[in-house]
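The values are calculated or read from the model by the stated rules, or taken from the named source; none is laboratory data. Because the structure is a prediction, the values reported are computed rather than measured. Cβ atoms come from the backbone with ideal geometry, glycine included; neighbour counts cover every protein chain shown. Accessible surface areas use protein heavy atoms only, side chains included; no ligands, DNA or RNA. Shrake-Rupley method; radii C 1.70, N 1.55, O 1.52, S 1.80 Å.
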Amino acid sequence: MEELGLQDEGSAPPTLLDLPDQLLGAILSLADTTSTHKGGAALTRVCLRFRSIYWAEPSVWGTLRIEAAALDFLPARRQVAWLAGKRALLQRVSPVVSALAVHDRAGALAIAARSMELGAAARVSSASAGTAPAGAGAGGTASSAPAAAATGAMARGNGCRLEDLLCLLHPGIAREVELEVHPALPEAALAALPRLGCQLTALNLDTRQLPPGTAAVLRRLRALHALRLGAAHVDAAAAAACAALRHLSRLELEASFFALPDLSPLAACASLAALRLVDDSQRREPLLLPPPASFRGGQGLLSLTVYTRALCQVAEARLGFVCLSCAQPATGEGPAWASLSLDGRRRAAGSRLQPLSSLPALLAATLPAGVPLRCLCLHGCQLAAADVTGCCAWLADVETFKAEGCTDERPGGFDSSNAGAGAVGFTVVLEPLLQAMPALRKLELAACLAGKVPPWLAAKRGLRKLALPDNGLSDLPADPFLSTGVTELDLSRNSFARLPPALLAASDLESLLLPGCAQLVLAAEEAEQLLQVLPRLRTVDLTGTAIAADVVERLQRGLAR
């Protein structure tokens, strides 16, 4: 306390009131354990200083949320009082509000504001009729200018519409605005945003119908770094306006009914590093994406998520889902690395898997320059052996690879409802693919092997985690591929009747997963042998097997020791 200058020699011990305002405000904020702020509000009754500090504390009021869903449980009269209270709160704390979120998916705010306007107009009309000057005749104009002004203010419901709430925000303070307003976002509310000036850096608009002037307003919000537009229809003008924002680094476009427009202008965004696209329309042609590697003047996107009901197209590949993310190592040191997930399936039931064509061309069009690929996941993709030729340069740093429900390319396309039929051919594709991954440590092959572990996989060395679920396996090869450091083994939902002898060679095994192997039985002697030869084993999952309960219990007790 002496270091803070709060106590002099010989003086009385300091009290809470001796703390600086900034420190006292941080302490008072700890009383706000719920969104209702009841704890903090109680402290404002202690003294005037507590009250002034609490209502000006940024850690309490920096982010303010107005959730209109609460109106669904209130009668009409209380709805009006609720809205008036929210307006009064925003007006009081607006000097420190840096982020405002308004969520109204049922149009309740507009209904409550209109009720306030009607009630105010009725009160003004009643007051005017009861206070008319005695000298005013039936056709006179006795109302004064102040009375007319008061009538207008009350008829507007004391400024409780969405645009009035936005006008309470302070330019230079408010930096983030989120408006989730259905069915339609009022154009006046959108027009209130440019007054926030160059400090507004993040905007989220979620509505069924964007106002006609959306593109014009977006062009005026030149300081935006993050923008999300979610609506039934995101038109080409809005997309072009996004491309004109020089500082925009994160963009999300979601169209729930009509197809997303031409996205080629977005490649010109100088700072765009993260892009998320959702197209829930029944579009006939694939959503064409500019090569992600061409963004930011050739530096490429660091984050990309594309989710479509139909298909999107990158290079020559047609996909139902794309997810690219680049991250720093957990230590925070060293270069960034990339993770890429590709799904060749459409969301429609019974749809055909889509060919990836040339995997090297797809990787070249997608991965940012100079960022190594560490994780690659393929779901429901159709690949021929020729499609993976020349991948070595892109896959040399891959440490994690997952393939699920993939197949080889075959004439006439492939039906996703019978994906296992192409698994035999896909093993021919997997062999050169995995040979191009010398750094591979984690491998998952689900519904890709058609009942047998191929020799080239049994000869694979250096794996630490191996998952082979849903492959119809009834045995494992005797090759010592499990004895070279595998610590985690997932054999879920296969056709084992007995525990494969090859498991006994996995001396480094720590986790063994066999759930869903419905035919699997295990004798008590085999359980004891498993515990003896695998001293590092700590986790065994036998859920959904035919193993007797007493054997499972005995095995679990042995693991606990």
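What to note about this one:
- Reach of residue 86 by Cα under 25 Å, taken over lysines that are not fewer than 8 positions away in the same chain: 38
- Residues with amide H under 5 Å from that of residue 66, placed H, sequence gap 5 or more: 101, 102, 103
- Spin-label model, residue 47/residue 487: points 7 Å from Cα along the beta carbon direction are separated by 5.7 nm.
- Per-pair calculated FRET efficiency, R0 = 56 Å: residue 339 and residue 84 via Cβ, rounded to 0.05: 0.70
- What separates the Cα centres of the range 427-444 and the range 280-315 is a distance of 26 Å.
- Simple Cβ-charge dipole of the range 426-472, Lys/Arg +1 and Asp/Glu -1, about Cα centre, in debye nearest 20: 280
- Summary of packing: across the peptides 497-509, 531-543, the per-residue average of other C-beta atoms within 10 Å ranks them, highest first, as 497-509, 531-543.
- For the range 177-189, 3J(HN,Hα) computed residue by residue from phi via the Karplus equation (6.51, -1.76, 1.60; θ = phi - 60°) reads 9, 10, 10, 10, 10, 10, x, 9, 7, x, 4, 5, 5 Hz, glycine and proline entered as x.
- Length available on full extension from residue 106 to residue 392: 0.36 nm per residue minus the Cα-Cα distance, which gives 97.6 nm.
- Mean Cα-pair separation over length for the range 179-301, i.e. relative contact order, pairs under 8 Å, 6 or more apart, %: 19
- Derived scalar couplings ³J(HN,Hα) [the range 206-214; Karplus, 6.51 cos²θ - 1.76 cosθ + 1.60; whole Hz; x for Gly, Pro]: 10, 7, 6, 9, 6, x, x, x, 4
- Taking a Cβ cut-off of under 15 Å around residue 205, the surrounding Lys, Arg, Asp and Glu residues balance to a net charge of -3, with basic ones at +1 and acidic ones at -1.
- Length gained on full extension, residue 258 to residue 521: 89.3 nm, using 0.36 nm per residue less the C-alpha separation.
- Extending 7 Å from Cα along the Cβ direction at residue 22 and again at residue 550 yields two label points whose distance is 7.1 nm.
- Å² of accessible area per residue within the range 166-265, as computed with a 1.4 Å probe and no ligands counted: 42
- Annotation: extensible slack from residue 37 through residue 560 equals 183.6 nm (criterion: 0.36 nm per residue apart, minus Cα-Cα distance).
- Length-normalised contact order for the range 20-120 - Cα pairs under 8 Å, 6+ apart - percent: 28
- Carbon and sulfur %, accessible surface of the range 432-521 computed with the full protein complex present, 1.4 Å: 53
- Proximity of backbone amide H atoms, modeled 1.01 Å from N, is registered between residue 310 and 283 at under 5 Å, excluding neighbours fewer than 5 places apart on the same chain.
- Summing +1 for each Lys or Arg and -1 for each Asp or Glu among the other residues whose beta-carbon sits under 13 angstrom from that of residue 533 gives -3.
- Rounded percent of accessible protein surface that carbon and sulfur make up, the range 173-310, 1.4 Å probe: 52
- Each Lys or Arg adds one and each Asp or Glu subtracts one; over the other residues with Cβ under 9 Å from the Cβ of residue 453, this totals -1.
- For residue 442, the lysines whose Cα falls under 17 Å of its own Cα, not counting residues fewer than eight places away in the same chain, are 402, 460, 465.
- For residue 206, nonlocal amide neighbours, meaning residues 5 or more places apart or on other chains whose placed amide H falls under 5 Å from its own, are 179, 180, 181, 230.
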